[in-house]
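Okay, so here's the structure we're looking at.
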Amino acid sequence: MAPALSFPVIDMGLLGGEERPAAMELLRDACENWGFFEILNHGISTELMDEVEKLTKDHYKRVREQRFLEFASKALEDGGDDARGVKAENLDWESTFFVRHLPESNLAELPDLDDGYRRVMKRFAGELEALAERLLDLLCENLGLEKGYLARAFRGPRGVPTFGTKVSSYPPCPRPDLVSGLRAHTDAGGIILLFQDDRVGGLQLLKDGEWVDVPPMRHSIVVNLGDQLEVITNGRYKSVMHRVVAQPDGNRMSIASFYNPGGDAVIFPAAALVKAEEAAEAYPKFVFEDYMKLYMRHKFEAKEPRFEAFKSMETESSNRSIAIA
């Protein structure tokens, strides 16, 4: 396994001073060559993050732990098949629930959350939404795109992105050789902001054919780029495979917030990032909702066939139009 010593960590506090060019260059390199980076001094208070962490871990202990233990005992029976006959290699050793923020919140509808946890999660989501939009504008600056270009691309005809949070716990696993915490995949959407446990690791990304640890850091936010940003940047920025390795000790907290295009958003490479001689080989154009339908069937597979499938559909549609004309 490759060492994580060079993993990109960006101090956003430097963006307001004379070290801004160096910080922006680090951001550019992270987006082009890593698909992941970690940010410090991001503007979300440590007090809020501590409260989110405490309430999330308390909620797991109070509500979800027993359910997970029942799942876990069945999952490892009979050589790793669960009660549904699913092989262990096709299972994820995680306990999760999902919160939708945009276009409409479902926070009030989720069972088993107390009012204090709902209020804190709503506040945290608002901070993350603002941070995601700030980061998108920094990416625009590095790409030479007009400020707000990426945010507008995500909003689509209805003018609203999709934004939601996956709250996960990765409990201790007695057989990490048999089951993954979360199988390797790229993220389908736009920009992902992760508040992860600073004491229990396990998140890894694939770089240059080697799995690299994403280092846990207190009060940091881990950022990774999804498939849609790879398409819009015409491959300049990359979404990368990542996974969670199950750990024999410790219960890892993971709160991943996905700032994605609206379902009706039409995604395609920004014209400014497609050279004339490369137009025929540009990334495809599609509706985000259609991409998600394909992704859900092939999440734990390489992203390239998904891009190629839409490219083929685009070519077939173009050929039909020419034939009709």
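The values are calculated or read from the model by the stated rules, or taken from the named source; none is laboratory data. Bear in mind the structure is a predicted one, so any value in this text is a computation, not a measurement. Note that each Cβ is placed from the backbone with ideal geometry, even for glycine, and that neighbours are counted across all protein chains shown. The accessibility values were calculated without ligands, DNA or RNA, using every heavy atom of the protein model including side chains. Shrake-Rupley method; radii C 1.70, N 1.55, O 1.52, S 1.80 Å.
Applying the condition of being more than 11 Å from Ser180 (Cα to Cα) and β-branched (Val, Ile, Thr) to region 233-247 and asking which residue is most open to solvent (accessible area, probe 1.4 Å) yields Val240.
Here is a check on your reading of the model: is Gly250 farther than 16 Å from Cys31 by Cβ and either within 16 Å of the chain's Cα centre (by Cα) or open to solvent by 10 Å² or more (accessible area, probe 1.4 Å) (or both)? For Gly250, the condition - farther than 16 Å from Cys31 by Cβ and either within 16 Å of the chain's Cα centre (by Cα) or open to solvent by 10 Å² or more (accessible area, probe 1.4 Å) (or both) - is met. Filtered by the rule that a residue be among the aromatic types (Phe, Trp, Tyr), assigned to a helix (DSSP H, G or I) and more than 17 Å from His42 (Cβ to Cβ), region 123-170 gives Tyr149, Phe154. If only residues of region 65-104 that are modelled with pLDDT of 95 or more and open to solvent by 40 Å² or more (accessible area, probe 1.4 Å) are counted, the one that is farthest from the chain's Cα centre (by Cα) is Glu104. When the residues of region 13-40 are filtered to those that are open to solvent by 10 Å² or more (accessible area, probe 1.4 Å), out of contact with any Leu (no Cβ under 8 Å at 6 or more places or on another chain) and not charged (D, E, K, R), the one that is nearest to Gly116 (Cα to Cα) is Leu40. Trp211 fulfils the conditions (1) aromatic (Phe, Trp, Tyr); (2) crowded, with 23+ Cβ neighbours inside 10 Å; (3) closer than 19 Å to Asp92 by Cβ except for a single criterion, (2).
Checked against the criterion of being among the small types (Gly, Ala, Ser) and either touching a residue at least 60 places away in the same chain (Cβ under 8 Å) or farther than 21 Å from Leu139 by Cα (or both), the candidates Gly235, Gly226, Gly250 yield just one match: Gly250.
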